[in-house]
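The values are calculated or read from the model by the stated rules, or taken from the named source; none is laboratory data. Given the structure is predicted, the values throughout are model-derived calculations rather than measurements. Here the Cβ positions follow ideal geometry from the backbone for every residue, glycine too, while neighbour counts run over all protein chains shown.
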Amino acid sequence: MKQSLKAGLTVALAAALGATLAQVADATNPGTKDGVRNDATACTLDWHASAVLDANLTNDDAEYPGLMQDFDGNTVHYSNGGYIEEVTPLLGDAPGLFEMNHFYIPQVQPDGVQVWRIPTATDKTITNATVTFTPPAEVDPAQVTFDAVSVNDRIVSWGGNYAKYEWLSDKATHRVNEDGTVTVDLGTLEAGTATVYQFTYPMPGGGKPESEDARYVAQAVLTGDLDAEAGDCVVPQDPSEDPTPGDDPSEDPTPGEPTPGTPAPGDPTPGDDQTPGDGQAPSAPTPGDDQTPGTQPTSGGEPRPGLPSTGV
């Protein structure tokens, strides 16, 4: 089954490519949500992408509204619509791309297949880059066909934000987990590089792409680490380690010792007429004596503080 499916996919993708490569559009809709979940200066990424695959989706859909038009208000093909959440500069100051292309290939026998393709690009070097893909609940997770080559060799021709990056084939490796999710290991993605990979599933239960009740939702999460030393993020300080502004712990007196500037018990008061080292208090001056009044000590100072329309 796997070999016949792969052979069918190769033929179908080649046919679809020749018919639709010129029809390119951004994979973003007015109702698409920004998928950057981490703080802008965080050193750990939390990027999200999700989409609904429905050949009959409309822009006024009760469940997923605003996902079937472009930013000019034009109705789009279903493969350029249905983008629920993604990372893209079109939705803010995103340092990369993370989106979920989605489409059917009905030519693959017996019932067609559905494809979920994820372009992943970065402006900053990401280490330990890992993607967790959750397929639609209706598909058989054991029937997944993973493709790390995908359209890496031609995605630059889509233009726009896709043309900003160097796309690397065979960058991704995968494993299917017991819960049906797929873990994709991308290792280190250097700044300015990208890769695109895809998942293909047979249509579940003999369903047809054109069926009115054919609606599937998939999602993915990208995690990874940025480099604070390169200035790509900021490591937050632990408040418990911050000294009080202006304090210098090295100058704190040892318990039991006098504070600098304060005379120790038994020391002569400045201005007293007393032999140094004599611990006795001076006698009161006799009236009429010519003596300079003693000076009292002062207290210490205070501390200072877009996308091809059929996914080819």
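Scanning the stretch 212-243 for residues that are within 21 Å of Glu190 (Cα to Cα) and part of a loop (DSSP other than H, G, I, E, B) gives Leu226, Asp227, Ala228, Glu229, Ala230, Gly231, Asp232, Cys233, Val234, Val235.
The strands (runs of 3 or more DSSP E) located wholly in the stretch 1-100 include none with 3 or more residues which are modelled with pLDDT of 95 or more and more than 23 Å from Gln219 (Cα to Cα).
Of the residues in the stretch 191-229, how many are surrounded by 15 or more Cβ atoms within 10 Å (Cβ to Cβ) and among the acidic types (Asp, Glu)?
1
Of the residues in the stretch 193-209, at least one is assigned to a helix (DSSP H, G or I), at pLDDT below 95 and of a type in the set (Gly, Ala, Ser).
With respect to the conditions (1) within 15 Å of Tyr197 (Cα to Cα); (2) surrounded by 21 or more Cβ atoms within 10 Å (Cβ to Cβ), Val113 lacks only one, and its number is (1). Taken together, the criteria exclude Ala55 from residues that are surrounded by 14 or more Cβ atoms within 10 Å (Cβ to Cβ) and touching a strand residue (DSSP E or B) at 6+ places or on another chain (Cβ under 6 Å).
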